[in-house]
Every structure is written in structure tokens, then in C-alpha cells.
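Structure first, then comments.
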Amino acid sequence: MGCLMSASAKGGNAGLFLLCFSVVDSENKDNWLWFIEKLHGILDEERRVVFISDRHKGIKEGIAKVFPLSFHAYCRYHLKGNLCTCLASTNVMYKENLIRVFSKCAYAPTVVKFNKHMGNLLKHSGAVVVHFLSELPNERWANVYFPGQRYGVMSSSLAECFNSWILKERELPVEDMVDCIRKKMMKSMCLRREKASKWKQVICPYGESRLEKLYDLVKTWKVIPSSADIFEVNTDLSLNRFPCCHAVYAIKYSGKDLNLYVEHYFHVESYHEVYSKPIYPVASLWKCDVVDCGTSILPPLSKKPLRRPKKKRICSNGEKVREMKCGRCGKMGNHNKLTCKEDLKPGF
């Protein structure tokens with residue numbers, strides 16, 4: 001029994017980069033504080049890191065204590081689930097409309113647009129939503145107010161990617177699981193390093209693909225130049241450190257190098273730096289001989305819960321669960337033939 005904690009980052013080619021992971025007895029404030037302190041030991045102290053997570057109290061308090069100068073954003077996906085829970089007793093269409101407006105507030109590129117969508121949200125919502133928003137500082141979830149730079153990442157989906165990546169390894173005993181994850185990381189980093197060594201362009205393939213799509217979208221547009229560096233372009237601000245479609249065409253029109261206007265985070269050079277250091281093999285997993293020193297170290301006290309341990313991730317409040325077809329009643333839902341309570345008609 002135990003809980004697997006992890007911290008992941010997103011590379012310049014939009015891939016998962018695992019920073020660290022650990023196994024603890026349970027998810028609580030003390031364990032999160034310990035884990036975040038260990039994370040602090042492997043990061044550059046001078047760099048202001050951006051964290052994206054759910055609103056677990058242990059994570060919030062741990063980041064505020066260990067990384068006081070860093071930025072912490074709340075996962076939009078989890079916030080939508082929390083808002084759904086607040087609106088559990090309301091009409092489905094009404095609920096979906098409020099969730100849609102809430103997302104517009106989160107993605108709004110300017111304060112004017114944020115205020116417009118927020119006004120619309122408050123106008124059509126009740127006291128429950130007002131109370132929900134009162135406990136949610138704008139700088140924690142709205143793009144336009146967020147003081148850090150998260151490159152367009154709005155959710156903590158990397159945690160889900162990591163869980164899927166180690167689906168088989170999670171079934172192993174703790175010691176074997178940790179070593180199998182290490183080997184998987186070692187192999188992944190080596191493959192990416194070899195692949196990146198063949199890239200001859202300035203921007204990573206993910207970024208180049210985005211630039212090409214943007215330019216294909218706007219290459220038939222017309223721009224009005226005012227000078228060598230000034231063009232008339234009606235657009236919103238770019239909040240992900242990537243040129244918007246209007247800026248792409250203006251830069252192309254001016255004949256300048258588009259790569260110079262893309263954040264260094266998306267450059268191949270930065271990608272090479274990320275995977276420059278390998279993960280080294282462990283010489284042996286054989287345990288040393290036990291020496292009797294007169295004392296015994298006992299495992300921590302823990303209470304084993306009833307029934308079999310859950311293998312799937314525990315869903316957040318309000319999170320939608322994929323429906324499945326019951327083998328007993330034939331209806332779609334979140335139950336199966338073992339948990340089905342439907343009354344069956346004669347003949348079944």
C-alpha cells in the first residue's frame with residue numbers, strides 16, 4: 001500500500017519530462033511538504049518556477065513555504081470539476097453554459113475581455129458560483145492575471161500522462177516499481193537525445209509544425225505596413241510565448257527571421273540541454289548482508305483499508321467518468337453487471 005507522488009514538466013517539443021517521483025504512505029500535508037522540499041533540492045534556486053496543480057491543501061501550503069517566489073496556478077480541468085460539483089443540482093444546459101463562460105474567463109487575453117466574460121458569468125449565476133469565485137484569486141486561474149509564464153499550459157494533464165505511462169509498473173512491488181520506472185526514464189531520455197541530435201532546424205518539430213499551420217492559415221491575408229517594423233494588425237496578445245497568426249504573417253511579410261520571435265524554450269538548442277545528461281544504471285540491486293546491531297527499524301504505522309486497493313486514479317469532485325455498457329441491463333452508465341441494481345423485465 002502507498003501513494004505515488006510525482007513532479008513533471010513539459011519540454012519544448014511538448015513531451016513529458018519527469019523531474020522526480022516518490023512513494024509515501026498517504027497523501028497528506030506532511031508528505032507533500034517533504035516531497036516539495038526534495039523537489040526544491042534539484043531545481044535552480046534562482047529560477048522562478050511555475051507550478052500547475054489541483055487545490056490540495058498540502059500542495060498549496062508546501063509550494064508557498066518552500067517556493068515563496070514562484071508562481072502557482074490551479075488546473076483548469078480540476079476547477080471545472082469543482083464548479084460542476086457546486087452546480088450539481090442545477091439544469092444541465094444551464095450548468096454547461098456557465099462552465100463555458102468560466103473557460104472564456106480563464107483564456108481571456110485582455111482585462112477588458114476578462115471583465116466582459118466575468119460580468120456575463122456573475123449575471124447569470126447564483127450565490128453558489130459567487131461564493132466559489134470569491135475563494136479563487138484571479139491570478140491563480142485567469143491567464144491575463146497570472147504573473148508567471150506557463151506557455152499556454154492550463155491543466156495538470158502531465159500527471160495523467162505519467163500515470164498512463166507507468167500503468168504496468170504501478171502493479172509491481174515498491175522496490176521493483178521504482179527500478180522499472182528508472183529504467184524507463186533512462187531509455188526514454190536516451191532515445192530523445194539521439195532523435196534530437198538529428199534535428200538541423202532552429203525550432204523543435206512541435207513548434208515548427210505550429211508555425212507552418214499558422215502561416216498556411218494567414219498567407220492569403222493583406223497587411224498594411226507603416227514602416228519596416230510597424231504593421232497594422234488587429235489581434236489579441238499572445239499568452240503562450242508563441243507568435244499569434246497575425247504576428248506570424250507580419251514577420252514573414254517584413255522578411256525577418258521568424259525563429260527569432262519564438263521563445264527560446266521551443267528551440268532545439270534548449271531541447272538538447274534538457275536531455276544532455278543521462279540517467280546512469282544502478283550497479284546492483286542485491287541487498288547487503290544484515291548486521292545485527294541490537295536494534296530493529298520497524299515500518300511506519302499504517303492502517304490497511306478494507307477491500308482490494310484501487311488501481312485506477314481517484315477522480316476529482318465533478319469530474320466526468322466515461323460511461324460503459326452494463327452486461328446485465330444493457331444500459332449505458334458508470335456501473336457493470338456486478339454492481340447493477342436495475343429492475344429487469346421478464347425474459348432477461
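The values are calculated or read from the model by the stated rules, or taken from the named source; none is laboratory data. Owing to the predicted nature of the structure, the values given are computational and were not obtained by experimental measurement. Cβ sites come from the backbone with ideal geometry, for glycine too, and all protein chains shown count toward neighbours. SASA here: full protein model, heavy atoms, side chains in, ligands and nucleic acids out. Shrake-Rupley method; radii C 1.70, N 1.55, O 1.52, S 1.80 Å.
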field: Within the range 47-87, trypsin sites (Lys or Arg not before Pro) in DSSP loop having at most 10 other beta-carbon neighbours inside 10 Å
entry: 47
task: Output ³J(HN,Hα) for the range 147-159: one whole-Hz value per residue in order, computed from phi by the Karplus curve 6.51 cos²θ - 1.76 cosθ + 1.60 with θ = phi - 60°, and x for Gly and Pro.
output: x, x, 10, 10, 6, x, 7, 10, 9, 9, 5, 4, 5
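Between residue 91 and residue 172, what length in nm is gained on full extension when 0.36 nm per residue of separation is reduced by their alpha carbon distance?
Length difference between fully extended and current span is 24.7 nm.
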- request: Give the accessible surface of the range 1-136 per residue, rounded to a whole number of Å², with probe radius 1.4 Å and ligands, DNA and RNA excluded.
  value: 54
- prompt: With contacts defined as alpha carbon pairs under 8 Å and 6 or more residues apart, what's the relative contact order of the range 14-155 in percent?
  reply: 24
field: Probe 1.4 Å - accessible area at residue 34, Å² to nearest ten
entry: 100
- prompt: Where q = 0.12, 0.19 Å⁻¹, what log10 of I(q)/I(0) comes from the Debye formula for the range 73-223, counting one point per Cα?
  reply: -0.81, -1.12
message: Tell me whether the range 86-161 comes out rounded, prolate or oblate; compute the Cα gyration tensor, take square roots of the eigenvalues as a ≥ b ≥ c, and use a/c under 1.5 as the rounded threshold.
response: oblate
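Which order do the peptides 36-46, 267-277 come out in when sorted by mean C-beta neighbours inside 10 angstrom, highest first?
Descending mean neighbour count gives 267-277, 36-46.
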query: What order, most packed first, do the peptides 182-189, 99-106 have when packing is the mean number of other Cβ atoms within 10 Å of each residue?
result: 99-106, 182-189
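For the range 158-214, just say rounded, prolate or oblate: build the C-alpha gyration tensor, square-root its eigenvalues into a ≥ b ≥ c, call rounded for a/c under 1.5, and beyond that prolate if a/b exceeds b/c, oblate if not.
oblate
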